[in-house]
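K.L.:
Okay, handing you the structure first.
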Amino acid sequence: MSQIVYVNGDYVAAEDAKVSVFDRGFLMADAVYEVTSVIGGKLVDFDGHATRLQRSMSELEMVSPVTMEDLLEIHRQLVARNDLDEGGIYLQITRGAPDSRDFVWPDPDEVKCGIVLFTFEKALVDSKVMDDGIKVISMDDIRWGRRDIKTTQLLYPSFAKMQAKKAGAADAWLVEDGFVTEGTANNAYIVKDGTIITRQLGNDILHGITRAAILRFAKEAQMQVEERPFTIEEAQAADEAFVTSATGFAQPVIDIDGATIGTGKPGSISKRLREIYTEEMTKAAI
Ligand code: PLP
């Protein structure tokens, strides 16, 4: 069976899907995106992702081509049409395809935003990474200053991930002015003496939907949370480290730039948070 994708109003087989060469998402990364995970055929935190999508669009003065109700229905249709049990849905909204390549944004009344969604399968709940943990390297954060907007300008994160791979690690933690901002596609945390430390929200990091849920669950479980920047040296001396993302949930980090974190095995707080997150989000999925 072919994979069914959604393109500008139609459900089509992936091999028949077409977007214009003038699409600004393609030409200029003038596009925003979301990735929502699916467990047991249900959407995890759809509202969180829809709210952040609307914020990303509004910061860039994009007018959504669909309502959020339509968007929920499209997500559900794609899950059903692709018989998706566990994995995710990628959604991208671009500023559309005017008839010329101009840096000036087209009039939204004349050029409608484009929209594309597709599903992917991925084991989320039972993941080997949880047993082993991942290694990360540090790299300068040279991305643009509006990382709170979830745009498709992903060349540098992709480059950083390749550098990590070449160094035998799974990811890179990005560092600006001496402090960790976040991972290439996740938010970064350390744990010291029972306190969970993660950078505070601002324009310099993506406001992770998983981050918000994890911090809520941590507080509900009476864990201490401190939202502040930390350095690589502080992270290397921490008891535990982990990252969060929609399709990774909470993943332990066991090595940073060659320094072993804690015992070198996933820490108990990271494990507990992953358990709570998986249980609660599975229950709340729609
Ligand atoms: N930070 C960056 C740069 C990301 O790209 C992502 C996810 O793609 C995250 C953090 C985690 O966000 P979320 O938990 O909403 O997936």
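K.L.:
Got a number for residues in the range 1-27 being part of a loop (DSSP other than H, G, I, E, B), over 18 Å from Ser100 (Cα atoms) and open to solvent by less than 50 Å² (accessible area, probe 1.4 Å)?
P.N.:
3
K.L.:
Turning to a different aspect of this structure: Tally time: how many residues in the range 219-237 are small (Gly, Ala, Ser) and surrounded by fewer than 21 Cβ atoms within 10 Å (Cβ to Cβ)?
P.N.:
2
K.L.:
Just checking, how many residues over the range 118-134 are among the hydroxyl-bearing types (Ser, Thr, Tyr) and either more than 30 Å from Val7 (Cβ to Cβ) or in a loop (DSSP other than H, G, I, E, B) (or both)?
P.N.:
Here the count works out to 1.
K.L.:
Does the range 246-257 contain at least one residue that is within 13 Å of the ligand (Cβ to nearest atom), at positive phi and in the same structural domain as Val136 (by TED's automatic domain parsing)?
P.N.:
Yes.
K.L.:
Still on this structure, I have one more. Every residue in the range 125-170 that is under 21 Å from Glu233 (Cα atoms) and open to solvent by 50 Å² or more (accessible area, probe 1.4 Å), please.
P.N.:
Matches in the range 125-170: Lys135, Asp140, Ile142, Lys161, Gln163, Ala167, Gly168.
K.L.:
Further, regarding this structure: Could you go through the range 31-38 and let me know if any residue there is more than 16 Å from the ligand (Cβ to nearest atom) and either touching a residue at least 40 places away in the same chain (Cβ under 8 Å) or more than 24 Å from Ser245 (Cα to Cα) (or both).
P.N.:
no
K.L.:
I'd like the full set of residues that are basic (Lys, Arg) and closer than 21 Å to Val32 by Cβ, limited to the range 142-172.
P.N.:
Within the range 142-172, Arg143, Arg146, Arg147, Lys150, Lys161 meet the criteria.
K.L.:
Within the range 171-181, take every residue that is open to solvent by 10 Å² or more (accessible area, probe 1.4 Å) and in contact with an Asp or Glu (Cβ under 8 Å, 6 or more places away or on another chain) and give me the one that is farthest from Ala237 (Cα to Cα).
P.N.:
Looking at residues that are open to solvent by 10 Å² or more (accessible area, probe 1.4 Å) and in contact with an Asp or Glu (Cβ under 8 Å, 6 or more places away or on another chain), I get Glu176.
K.L.:
Taking the options Asp204, Asp193, name whichever one is touching a residue at least 40 places away in the same chain (Cβ under 8 Å), more than 8 Å from the ligand (Cβ to nearest atom) and under 18 Å from the mean Cα position of the chain (by Cα).
P.N.:
Asp204
K.L.:
Out of all the residues in the range 123-174, which are charged (D, E, K, R) and modelled with pLDDT of 95 or more?
P.N.:
Lys135, Asp140, Asp141, Arg143, Arg146, Arg147, Asp148, Lys150, Lys161, Lys165, Lys166, Asp171
K.L.:
Does the range 220-243 contain any residue that is near the ligand (Cβ under 10 Å from one of its atoms) and under 16 Å from the mean Cα position of the chain (by Cα)?
P.N.:
Checked against the condition, which is being near the ligand (Cβ under 10 Å from one of its atoms) and under 16 Å from the mean Cα position of the chain (by Cα), the range 220-243 yields at least one hit.
K.L.:
Of the residues Thr210, Thr282, only one is part of a helix (DSSP H, G or I), open to solvent by less than 50 Å² (accessible area, probe 1.4 Å) and in contact (Cβ under 8 Å) with a residue 40 or more places away in the chain; which?
P.N.:
So the residue among Thr210, Thr282 that is part of a helix (DSSP H, G or I), open to solvent by less than 50 Å² (accessible area, probe 1.4 Å) and in contact (Cβ under 8 Å) with a residue 40 or more places away in the chain is Thr210.
The values are calculated or read from the model by the stated rules, or taken from the named source; none is laboratory data. These numbers come from a predicted model, not from an experiment. Cβ: placed from backbone, ideal geometry, glycine included. Neighbour counts: every protein chain shown. The accessibility values were calculated without ligands, DNA or RNA, using every heavy atom of the protein model including side chains. Shrake-Rupley method; radii C 1.70, N 1.55, O 1.52, S 1.80 Å.
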